[in-house]
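Reading through the structure tokens given below for one structure.
The values are calculated or read from the model by the stated rules, or taken from the named source; none is laboratory data. Just so we're clear, the structure is a prediction, and the values are computed from it rather than from any experiment. So basically every Cβ, Gly included, is an ideal-geometry build from the backbone, and we count neighbours across all protein chains shown. Just so you know, the surface numbers come from the protein's heavy atoms only, side chains and all, with ligands and any DNA or RNA stripped out. Shrake-Rupley method; radii C 1.70, N 1.55, O 1.52, S 1.80 Å.
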Amino acid sequence: MPNPVAVLREFSPRTRTVLAVNAVNSFGGGLVLPFLWIYLNDVRGLPAWVPAVTLAVQAATAVVGGLMWGAVLDRFPPRTTVPLVMAVAGVGTALYAQATGAPTALAAAVVYGFGISGVGTVLRFLYAGASSARERGLAYSADYAVFNAMTGLGVLVGGVVASLDTGSRAARFVALYLADGATFLLAGAALFWLLPKAVGADGKNDGSTEGTPRIGYRDVLTQRHIGALLAALAMCSLVSYGQFRSGLPGYLTQGGALGPEGISGAFAVNILVAVGAQFLLAERIQTIRRSTVLAVSGAVWALAWALVLVAGLQRGGAALGLALAGVVLLSVGEALVFPVVTSLLNDLAAERVRGRVNALLSVAISTGSVAGPALAGATLPWADGLGLMVVLLGGCLAVVAVAVRLRTTLTAQADLPAPEEDPTASADACAAAEPDAETAGPDAGTAQPTAPEPVKAAA
């Protein structure tokens, strides 16, 4: 088992600071994560349509905001952009504390959606500045573990505070939302203090775009591998994150296989396994080809949903055991694939478009998470949930197919970078060497096109 302290010592001071910032933000997000509907409907007494519309507005503005922040990161120094992102997110969540009516709740949703959409984007952007492929890979894995662990801790603390007898119920929820807002402001202040020492994602970029070609999102999406990886990531999110709060409990409870207690146990297992898998596997997966990790994750998820399918046909202990085994495999797949694909995307992206790539990464994950409940709602009524299970198994196999294809097209350096290599340097070199992606032909690798310029997480 790798020593977490030894791994932490490998990180640069900036990477350790960004991890600490993520820990604080994730804890704050956990404080209020399960409560928005309860807070607006039960505590503030607003009609049910208000929390429903609020969540929809928040999700929509998060997509738009994520794309905006990605473009801003590519044009302005992180010292300016990152604290602004944190401030907007902090103000947005604090506005929920004052949401006594529909207009205030919707205003908070707009501000918070725009802010939170940039938080994951800027943190991943900063991790990309690590000096080696190994540090980048370990940083993304550590970030995933920290997010899950601290969010889970925040949910526990928030639940305790919400159930206290001290003060009014509304006052307790106001305190939780204000505490969440304070974590963002604290994070912004800490990063503003740090970033002048290394203002770019690579420690040398000052955000200036003078003398470099203007690149838009369409140009980024048409780069070799980037579009396919983002599509695969959206599918990964759809068959994992997107189903934990919708398809999984819906399928297992609609026929009486499990009750609320069993579902609660499954959620607890998900968090514990996701965090534990990072400690056990973070170093090991640095020595495995990334296409292999993606293929294994798809196969593991397919087996997981097969187990869940069978669990839904059982009762009692058999149903619980099969369901928990499926959840364990789903959690292991998450722990494997998301940090690895994030690292690969950042290695393939040239420095001048890394903000946009990380924004699209957030949007891909959010798209899967939002589409998951919609898919579950549409397919669960068909054949007692069999329709959903068939679609999820097909999605898992599609991930495997993409991984097999990538194995034959990715360069060896991108698929399995040497521990001290910086694949991003070669991506920038390719971009400089190739005058135009269209004239370079289909084998232009990861060269950046030079045509004129025409998503706590939402991710």
Rounded to 0.05, the calculated FRET efficiency for the beta carbons of T222 and T166 at R₀ = 41 Å is 0.15
Using a 1.4 Å probe, how large is the accessible area of I215, given in Å² and rounded to the nearest 10?
10 Å²
If ligands, DNA and RNA are left out, what is the accessible area of E351 with a 1.4 Å probe, given in Å² to the nearest 10?
20 Å²
Quote to one decimal, in nm, the extra length available between R315 and L156 on full extension: 0.36 nm per residue of separation minus the C-alpha distance between them.
54.3 nm
Just to make sure I understand: if all protein chains stay in place, what is the order of L344, L272, L303 by accessible area at 1.4 Å, largest first?
L272, L303, L344
Normalised radius of gyration for the chain, please: alpha carbon Rg relative to 2.2 N^0.38 Å, two decimal places.
0.96
Can you compute the helix-only [θ] at 222 nm over the chain? Use -39500 (n - 2.57) per DSSP H run of at least 4 residues, normalise by all residues, nearest 500 deg cm²/dmol.
-24500 deg cm²/dmol
Accessible area, 1.4 Å probe, largest first: how do T183, T80 sort?
T80, T183
J(HN,Hα) series, the range 335-341, from Karplus relation 6.51 cos²θ - 1.76 cosθ + 1.60, nearest Hz, glycine and proline x
4, 6, 7, 5, x, 5, 5
Return one quarter of the surface area of the convex hull spanned by the alpha-carbon atoms of the range 278-416, equal to its mean projected area, in nm².
9.5 nm²
